[in-house]
Structure formats: structure tokens, C-alpha cells
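Single-structure report; data block below.
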């Protein structure tokens, strides 16, 4: 399908979706007319019976009785056609109005076929791939009875201390918006009544990635111009893409927690952006407003419903207090009716009111889940997510005949391949790196653990909340190291697989130290002393501070947490069956003192010298360069690319005109490969201080060795706009600079004037 046809298809879907949401639906209105106040409130209650992995410490009680009483609108943590059917039967056979249930889940990066963590897949810069992954996740999840997905997570994050950066697309709103759109199109398709599609839920509204100090659930305090220009565009992009539902975040905004923030839910989301769908709280976030200091459970529940929140996840504050608040005049029943209408509309859009059992086909799991096709997609996604950070003396790719010492705590480990927030996946189905190497290599592969992920027993305990992710070997650290060195001495090449356990990142996994654990640092130091070619395969859920490791005489391949096909994907890249093409979507700091660090910073009134030579009374550090260790957009290849002849189709532009940017890109190396051409824009003078540069376009191209291609990227009129101090979305006349290249340090420059 060509691009125009695709865009038309999704435009038609969006129009129909919005029309459905705006128009009174006879089936919904008929139900509302029959409902008591108690039954309306019941639809606003989302519970978990604890059948799956809950996202918080609370598990709902007496769920069956509450369903029979009409006190439940939806469930999550329930899966399998039989279990979902039984849940629906309880609602249909025992509740007065026989309203079916929403069945939700966190399908963050795949269902049973687990893909790389989102920060990894964002590094592919491949929107069609990301859409295909979402389609596959929807197909698998719906086969198991799930119709509502708490994804995509689109929060912009510029602080790698925050554990949930692993679930995000990184630091940039332009790229994040494109990824949000691709995921929503993948989940929802163009027909939500198709039983292989599911309702998406954009989260976390809003600004959750900007929590102070990178500490989860913390406060967020920022100006409106920063919100509108840097953090809010991703949520709006999701709304514009037709996302069906939204989830509020845990943090406060302007001193009011998101789940009770009327400006956020009603004024911004509904009135400014035109969102017509349902808004659900995050796990017990309504109740948590009491801990924020906003009053009793009744107080905060009234605050939330009056703010525009529709569904209360697990906390049951709505269920237990809203009727009393209506009686006391603190809540208007119309608010509850409107919320209930949106919940029922969601069920209508999914086809549940017509066929409550549409997601209970017993034949689908074995046909649609964990198929070979799905696994191959997971392998493709993993390979395209890897970022080659360093290729010391062009060690990579390895010859398949090489005698390799595979060393490290993550080299023969299944428990950490899936990454954080993969509650529906099975780590034991993942392919460890050792198996992947043996599947491809013809030379001898010897293995030694070498070190524990960490020797810190307390940290290990904290990481093992979802199973054993960190094992501390009964052998002493010295014994493990000695065994590894013996193994390495007899090999031609050392491949060290190190990094984070999967639960060192993710929710409630904020860290002040994002370097490698001491056990692994010591292992790498000692291996480097052997003076053999060495490759570090780095596995993590965040950017790490690896300045010391970067100085070692070793190549570095960042593989994130690669998912179910981890070992096969890593081996194919290491041995050159696939040329790595990933590009970082979050800047890597030299040390934590540089955080927050991102590419679209501002100059300040005293900009530091470009050469990063310290100057007194300039905006720089005494002890470290301003520059990151690895910039946004960075990623090497086994080949090399050259950029020439940057040109614009016009030098003067009217306010409604686009600019065609062209550049010649040549593959000047010895391998075929993919390159992501990146376009950055600088607004030279404007009424509020401009960023140094902003990503405004990209295109991924495949070039055979020796091939040159002209790559064209269109700068649209809206790409020149920003939100000014009055929060008007404007483009101001003046000069603009265009930079094109392989990362955010692109130096090839052209300029134009907006008249």
C-alpha cells in the first residue's frame, strides 16, 4: 500500500472513530437510561483479581461478588479465552444490566512474543517495524482475551536515573510522536471491532518522564512553554492519531496530581485537543492523592471525577465514596453519567455490547501466539535496535571460525533477556547469548560466567521482585574471575556480555548510580589486560555511564534488553549476518553530574566554547566537558557513510510553504548497510530562547557498498512553529539553519529565511 493510500485509510478511521465518540450512540444511551447511580459508579471501577502480575501493592478483593453487583467496569490481570469467558459470564448472567467487561493489560513490548524494551526499539528509527510489532502484540493479546492495552507509554525522559526511561522512546518529542502514532495504528488498526485489534491507552498523562531527580512518582514543576514545546507534543500526537483511551500519571503538575488535575484532563486534553475517549487513572493514583496531602479518600475521589477522570484503577475510591459525594452536593450526577457514557462508548467501539465473547476464541492462542513468524519479527526488531557504540580496530564483525571466549553474567542467562515490564512473557522461552553463538559459529565457543551481575545481596533482593533476575553464585568472586581468565587465555577473541539485570530499570527502579556494578567493572578491567581483541556486549534498560569502559581497548555493542530472540539476534550482528543500524534516542552522559542531558539544550547568555575548553564565567563544568559521551542519534555501522551536497529547494519561504531538503549519502565502506539520515533545525532568532537545534525529520535508507543516493526530507510549515510565551503556536519570520547528518552533532549546514 502506497503512503497516500495508507494515510487515507487511517484518516478515514480517525474520522469514523471521532464521529462515533462524539455522536450519541443509541445502545449506550439506552443502557444509561436504565442505570441507577450505583450502577453508573460501578462502571467506573477497574479491578485486578491478582491472576496476573499487578502493577502495585494492592490486589482487589471479592471481585466476583462485585461483578455480580454491577460494581465493576473492567478487569486486568486476567488472560486466556476460558478465564475471560468466565469473567464475562459472571457479568452477563448475574448482573442486572448484563454489561460486558473491559479486559486490560500492560502489553508494553510484546505479549508472549516479547520484543526489545521500547527504548531499544525506538533506536531502530523504523516506524513500519514498530507498527508491525504493535500489530503482532495486539494479535497475540487479543487471542488470549485481552481487548484493552495500557500502551503506548510516550513520556519524554531526559534523565536516565529514572527507571521507566526503559519503557519510553527517549528524549525527543518529534521522534516520540512518530513512534506513538505507529504504535497506535498497530494496536487499533482501522477497525476496532476486528478481534485481532485492541484499544490503545496513551500514558502517562502527563510529564511523568520529568520527575525531579529521576525519582519515580516524584513531583514535576515546569513552565508552560517547556510543557507545550518539549513534553506535551507526544500526548497530542497520540490524540491526533485517534488513540481510544488515556491514562493519568502519578506525578503532580502545578501542585495538583494528574488524576485530579482539571486543567490537564478537561481543559487541555478534552477542550484544547478534542479528545473524546475515556480517561483511566494509573494504579491507585486516585487514592495516592491523600498521601500528596489533598484530603480524605472521599475528597480526592470527588476531585478526580470533577477533574474529568472516568475510571478508577484498583483504588475503589469512586466505588465507595462518589454516591455520598453526590448526596452532599460535592459531585454532580451528570459528571458520573458523562464518565459512564465514555466507559460504555469504549465497550461499544470494541464491539463488546454486540458480542461480549468476541475475545474468547479457544482456537486462537495456538494459532496466533508465539508463532515462528512472530519470533522472526522479534529477532528482526532486536537486531535493528542494537547500537554500535565503538568498533575498536574494526574487531567487528567476527569471523564465524574464530575461537571465542564468551564471558559474563549475562552470557548464558535467560532471566534478564526480556527486560523490565514484560509480565506476560516467559523468560525461560528466551534464547540466551551462548545458544545464539552456538547456532551460528563454526569455531569453538567456550563460556565462563566471570562475575555476578552484582555482589550486593541487598540490591539483588530488590531486583528479584518478579523472579530471580540476579543470582549470586556460591563460588567466590575470585574463583569466578580466575575461571574466566583461564577461558579467555585460550581464545582468539573475548566477547564479554555485561550490564544491568532487567529489574535494575523500569518502574520503581530509579538509580543514582547508573554505572556498571563493581563486579563487572573488575571483570572487564582484568579481561582487557590480556591484550586480546575484545567485544563488550552491553545490556541495559537505560543510558549508562561507561566512560571507563569506553577507554578500554574494546568494541562496544549496546543491545538493551533484546527480548525473546536475544541470543540469536546478538549472534547475527556479532558475526556480521546483520550490519547494526541502531541510533541512540537518549543522550548518554559521561557521569550522573551532567544529568539532565539532551541534544535540544539552549545556548544560555554565556555559552561554553565549542571546543569544550574550560573558560571561566561560561556555562561549563570545572571537572568534565559539556559534551555527552554519546550524543542523541549516535550509532556506528560496520560500513561508513559520507554526506555531501546539502541543498534546499528554496531560500525564502512563505508561512504556509514547505521546504524540500536534499542530501547525497554515500556508502563508502566495505559492507552494505542502513543509515538513518537526521535533519535538525535551528530557529536563529525568536521571541523566546530557542534550542540549539531540534530534530525535525529523519529517513532510514539502505545503501549497498559504493552506492550513493539522494535523500529527501520535507520540512513542513508546522515544523517551524513553536509555542510562544502566550502559548500561541506560531512560526516567526527570520532565519533558520538546517543541519543534516548521522547524529545530533551534524555539521552539514544550509539556511533559509521565513518571510
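Read-outs throughout are calculated quantities, based only on the coordinates presented, and are distinct from any laboratory measurement. Since this is a predicted model, take the numbers as computed values, not measurements. Virtual Cβ from ideal backbone geometry, glycine too; neighbours counted across all protein chains shown.
Values computed for the structure shown
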{"quantity": "Shape parameters for region 368-574, alpha-carbon atoms, Rg then Dmax in Å", "calculated": "15.9, 49"}
{"quantity": "Angle in degrees between helix 333-349 and the longest Cα principal axis of the chain, rounded to the nearest 10", "calculated": "60"}
{"quantity": "Among 551-564, 207-220, the order from most to least packed when residues are scored by Cβ within 10 Å on average", "calculated": "551-564, 207-220"}
{"quantity": "Cα gyration tensor, region 122-171 - rounded (a/c under 1.5), prolate or oblate", "calculated": "oblate"}
{"quantity": "Relative contact order %, the chain, counting alpha carbon pairs below 8 Å whose residues are six or more apart", "calculated": "13"}
{"quantity": "Globularity ratio of the chain, using Cα Rg and 2.2 N^0.38 Å", "calculated": "0.96"}
{"quantity": "Ordering of 374-384, 149-159 by packing [mean C-beta count within 10 Å, highest first]", "calculated": "149-159, 374-384"}
{"quantity": "Global geometry of region 225-365, whether rounded, prolate or oblate, following the gyration tensor of its Cα atoms and the 1.5 cut on a/c", "calculated": "oblate"}
{"quantity": "Cα gyration tensor shape for region 75-144, rounded if a/c is under 1.5, else prolate or oblate", "calculated": "prolate"}
{"quantity": "Nearest 10 degrees, 0 to 90: helix 477-489 Cα axis against the chain principal axis", "calculated": "50"}
{"quantity": "Rounded tilt (10° steps) of 81-94 against the dominant C-alpha axis of the chain", "calculated": "20"}
{"quantity": "Mean Cβ neighbour count within 10 Å, used as a protection proxy, ranking 640-649, 509-518 highest first", "calculated": "509-518, 640-649"}
{"quantity": "Pairwise FRET efficiency - residue 128 versus residue 93, Cβ, R0 = 51 Å, nearest 0.05", "calculated": "0.70"}
{"quantity": "Computed helical MRE - 222 nm, the chain, DSSP H runs ≥ 4 contributing -39500 (n - 2.57), nearest 500", "calculated": "-8500 deg cm²/dmol"}
{"quantity": "Sequence of 542, 682 once ranked by neighbouring C-beta atoms within 10 Å, starting from the fewest", "calculated": "682, 542"}
{"quantity": "Reduced Cα scattering model of region 639-754, Debye log10 I(q)/I(0), q = 0.09, 0.18 Å⁻¹", "calculated": "-0.26, -0.86"}
